[in-house]
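Have a look at the structure below, then the notes.
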Amino acid sequence: FQNVTQLKEVEKIRTDFIATISHEFKTPLTSIIMGTDVLQEEGMGRLNDDQRQFIQAIREDSERLSKLVNDLLELTRIESGKAVFKFGEYAIDDIIECAVKPFYQLAQQQEKNLYFSCEDDIPHVIADFEKITWVLNNLISNALKYTEVGDEIVVNAEEKGDMVYITVKDSGRGIPEEFTDKIFEKFVQVRDGDFEARGTGLGLAVVKEIIEAHNGEIWCESELDVGSSFIFTLDIAGKEQNR
Ligand code: ADP
């Protein structure tokens, strides 16, 4: 018994430590990013090409760090049971629209086609609106990260049985078969040949925890050089008691 108690204590110290450190990182990171904003808008004077490139590099690394901190915070919150889920009944197309909207401009800038299709009269789902938006943001931002100019990203929702299936499909580089399960584990990234890791390896671990807290499932179907689909399920409102 003593070992279990000690283990729990150590686990609590670990999660508290991560939460505190992550919080401490957030504020200075926000000011670094705001600082690069001012510099990039030439608020402190005109920039030459070298300066612009240098500041862009600072910005990208700071944003990556900021995502790592946010993912770590969210993951420790969920793992320690401290995350609060606010479940309600929502139209899935409202959630998807809210998640897709911030990416249209980025997709256009990167010359990729991003769109969303949804069956008419699709039933409402049981979800935490913000958390499912977070899930979709992660999946869409990955799809944009791992596709090239001219590629396509489609977000789709359809009803099947007691569930709604939501798919984020891209025509990007795909994922080797031996990785399609593993990428949902913490810090797993595909590093293989010319596959260069561009993120933190935490996003999909958080995504999976969120979907499982919804009693749903998530998986990846992918073919190298053809593209990947990330599919997750949510309960249809009013039918969840049948499961
Ligand atoms: P990261 O921050 O590295 O993107 P994730 O947990 O979101 O972390 O993803 C883990 C890994 O899964 C990525 O590093 C990448 O190798 C792979 N991956 C995720 N989404 C895609 C995708 N749409 N296409 C190709 N590879 C992907």
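The values are calculated or read from the model by the stated rules, or taken from the named source; none is laboratory data. Computed from a prediction, not measured in an experiment: that's the story for all the values here. Cβ sites come from the backbone with ideal geometry, for glycine too, and all protein chains shown count toward neighbours. Just the protein is used for accessible areas: all its heavy atoms, side chains included, with ligands, DNA and RNA removed. Shrake-Rupley method; radii C 1.70, N 1.55, O 1.52, S 1.80 Å.
Summary table
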| item | result |
| --- | --- |
| Criterion: within 13 Å of F232 (Cα to Cα), of a type outside the set (D, E) and open to solvent by 70 Å² or more (accessible area, probe 1.4 Å) - qualifying residue of K169, K101 | K169 |
| Selected residue [in a helix (DSSP H, G or I), more than 15 Å from the ligand (Cβ to nearest atom), touching a residue at least 24 places away in the same chain (Cβ under 8 Å) and charged (D, E, K, R)] from K208, K131 | K131 |
| Positions within region 48-65 being more than 13 Å from T200 (Cα to Cα), in contact (Cβ under 8 Å) with a residue 24 or more places away in the chain and not hydrophobic (A, V, I, L, M, F, W, C), in sequence order | R59 |
| Some residue of region 112-129 being closer than 21 Å to K208 by Cβ, of a type in the set (A, V, I, L, M) and within 18 Å of the chain's Cα centre (by Cα) | yes |
| Among (1) in a helix (DSSP H, G or I); (2) at pLDDT 90 or above; (3) open to solvent by 70 Å² or more (accessible area, probe 1.4 Å) - the single one R77 does not satisfy | (2) |
| Answer residue from region 41-74, given it is of a type in the set (D, E, K, R) and open to solvent by less than 70 Å² (accessible area, probe 1.4 Å) and is nearest to F187 (Cα to Cα) among those | D71 |
| Residues of region 59-83 classified as over 18 Å from the mean Cα position of the chain (by Cα) and not hydroxyl-bearing (S, T, Y), total | 3 |
| Residue in region 4-15 that is at pLDDT below 90, closer than 19 Å to L202 by Cβ and open to solvent by less than 90 Å² (accessible area, probe 1.4 Å) present | yes |
| Filter result for the condition that a residue is within 30 Å of R14 (Cα to Cα) and among the aromatic types (F, W, Y), over F85, F103 | F85 |
